[in-house]
Amino acid sequence: MPRPPTMADLAAHVGVSRQLVSLVLRDAPGASDETRRRVREAARELGFSPHVAARSLRRARSKDLGVIFAPAHSTEPEIVEAIYPAAAERGYDVMLSAQTATRSTDQAVEELLGHRCAALIVIGSDLKHTGLRAVAERSLVPVVDVGYGRRNQFYDVVRSSGDRGIEELVDYLAELGHRQITYVDPASMPPGPLRRRGYERAVKRLELAGDIVSMPGDYTEGNYFEEVGAAAARTLLERRELPTAVVAPNDHAAVGLLHTLIRNGVRIPDDVSVAGFDDALIARLSSVDLTSVRQDPGLMGVSAVEAAVRRVEGQEMRPRETVVETSLVVRSSTAAPRKRG
């Protein structure tokens with residue numbers, strides 16, 4: 001296979017010095033418009049691509065933001081999508097490292113640190129505070145946790161107001177007339193405790209009987225949420241009477257529950273209203289049309305970049321907590337309860 005073209009090849013092809021080619025590729029002053037046109041045309045003709053890693057090594061300071069995420073979790077790719085333009089606007093590049101069922105967060109961290117990233121943005125990690133603190137202490141670069149957590153002195157936190165979002169959802173169902181509102185609790189989901197507190201606060205304030213169905217499982221597995229929802233539905237079907245509404249703190253768990261109920265002859269929302277959290281793509285599908293609490297992934301991605309850059313550039317070294325407000329999105333999976341015979 002022929003080797004990739006270099007800047008020296010471009011210089012020889014155009015008939016100028018390598019230093020002049022470097023000026024053009026870096027958009028630095030010192031080259032005429034005609035020379036810039038000829039160099040860029042030659043780059044396209046020869047298939048030249050700049051060596052990004054080599055360019056990073058020549059910098060006095062890294063301009064790469066390392067991002068760790070779990071592709072299996074539907075909201076995280078949407079946050080990543082927002083991180084790219086937010087980073088580019090501030091002059092930074094993005095380097096991704098995935099956390100999967102066969103690849104731990106620690107492995108993803110070590111990979112990005114090996115590439116000299118200026119900061120780490122960790123999305124939806126299964127690490128608790130102790131684990132994130134250890135990452136922040138050993139990495140020696142700013143760390144931003146996106147998903148859950150509280151203000152602390154070791155790393156920034158960007159999260160949605162999950163408790164208030166669930167509380168607003170329960171209020172909405174109660175306004176429709178629901179008095180039997182069950183909450184599905186994915187026990188190993190990191191932001192789960194915060195969202196559960198919103199449910200508990202709402203039912204206490206509304207003087208409703210709390211009903212929490214807690215489901216175990218491995219949060220890192222790709223099918224965790226769908227299986228949690230399906231298992232919760234089977235648990236409810238074993239009861240003498242179904243609740244009139246069910247809330248899940250994750251859309252995929254809500255969809256797993258919804259499909260299992262439908263397969264067992266339960267009409268949604270005639271017999272049971274079902275609602276989720278995230279407003280993920282699956283909730284927006286016309287075949288699902290799920291009422292959900294939206295946490296704005298675009299704003300979460302931008303907030304994560306702002307937190308990382310603020311500390312990288314020394315604008316403020318103390319970690320912050322940024323809370324992104326949620327909003328209720330009502331669709332056809334919820335309705336007023338019908339009288340039961």
Tally, over the range 81-111, of residues that are within 12 Å of ALA308 (Cβ to Cβ) and either assigned to a helix (DSSP H, G or I) or of a type outside the set (Val, Ile, Thr) (or both): 5
For the range 150-163, what are the residues that are open to solvent by less than 70 Å² (accessible area, probe 1.4 Å) and either assigned to a loop (DSSP other than H, G, I, E, B) or without any contact (Cβ under 8 Å) to a residue 24 or more places away in the chain (or both)? ASN152, PHE154, TYR155, SER161
Of the residues in the range 240-249, those that are open to solvent by 10 Å² or more (accessible area, probe 1.4 Å) and not acidic (Asp, Glu) number 3
Residue list for the range 206-225, filter: in contact (Cβ under 8 Å) with a residue 12 or more places away in the chain, within 27 Å of ARG164 (Cβ to Cβ) and open to solvent by 40 Å² or more (accessible area, probe 1.4 Å): LEU206, ALA209, GLY210, ILE212, SER214, PRO216, GLY217
Anything in the range 99-134 that is under 18 Å from GLU76 (Cβ atoms), of a type in the set (Val, Ile, Thr) and surrounded by fewer than 20 Cβ atoms within 10 Å (Cβ to Cβ)? List them, or say none. THR100, THR102
Hits in the range 286-302 - residues which are polar (S, T, N, Q) and open to solvent by 10 Å² or more (accessible area, probe 1.4 Å): SER286, SER287, GLN295
What are the residue pairs meeting all of these: first residue in the range 3-17, first residue open to solvent by less than 60 Å² (accessible area, probe 1.4 Å), second residue in a helix (DSSP H, G or I) and of a type outside the set (A, V, I, L, M), Cβ atoms under 6 Å, and 6 or more apart or on different chains? MET7/ARG18; ALA8/ARG18; ALA11/ARG18; VAL14/ARG38
Are there any pairs with C-beta distances below 7 angstrom linking a residue in the range 226-239 that is part of a helix (DSSP H, G or I) to a residue that is hydroxyl-bearing (Ser, Thr, Tyr) and crowded, with 22+ Cβ neighbours inside 10 Å, with the two at least 6 apart or on different chains, and if so which? LEU236/THR182
Any idea how many residues of the range 135-149 are buried (at least 21 other Cβ atoms within 10 Å of the Cβ) and either of a type in the set (Gly, Ala, Ser) or in contact (Cβ under 8 Å) with a residue 60 or more places away in the chain (or both)? 6
Taking the range 18-38 and keeping only residues that are touching a residue at least 24 places away in the same chain (Cβ under 8 Å) and farther than 24 Å from GLY91 by Cβ, one is left with ARG38
For residues in the range 202-227 being among the β-branched types (Val, Ile, Thr) and out of contact with any helix residue (DSSP H, G or I) (no Cβ under 6 Å at 6 or more places or on another chain), which is farthest from ILE282 (Cα to Cα)? VAL203
Being within 30 Å of PHE154 (Cα to Cα) and not assigned by TED's automatic domain parsing to the domain that holds ASP145 narrows it down to one of ARG284, ARG310, ARG205, ARG196, so name that one. ARG196
Qualifying residues in the range 173-200 (those that are touching a strand residue (DSSP E or B) at 6+ places or on another chain (Cβ under 6 Å) and open to solvent by 30 Å² or more (accessible area, probe 1.4 Å)) - the one nearest to THR244 (Cα to Cα): ARG196
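The values are calculated or read from the model by the stated rules, or taken from the named source; none is laboratory data. Because the structure is predicted, anything quoted here is derived from the model rather than measured. Every residue, glycine as well, gets a Cβ built from its backbone with ideal geometry; the counts of neighbours run over all protein chains shown. Surface areas here come from the heavy atoms of the whole protein model, side chains and all, with no ligands, DNA or RNA. Shrake-Rupley method; radii C 1.70, N 1.55, O 1.52, S 1.80 Å.
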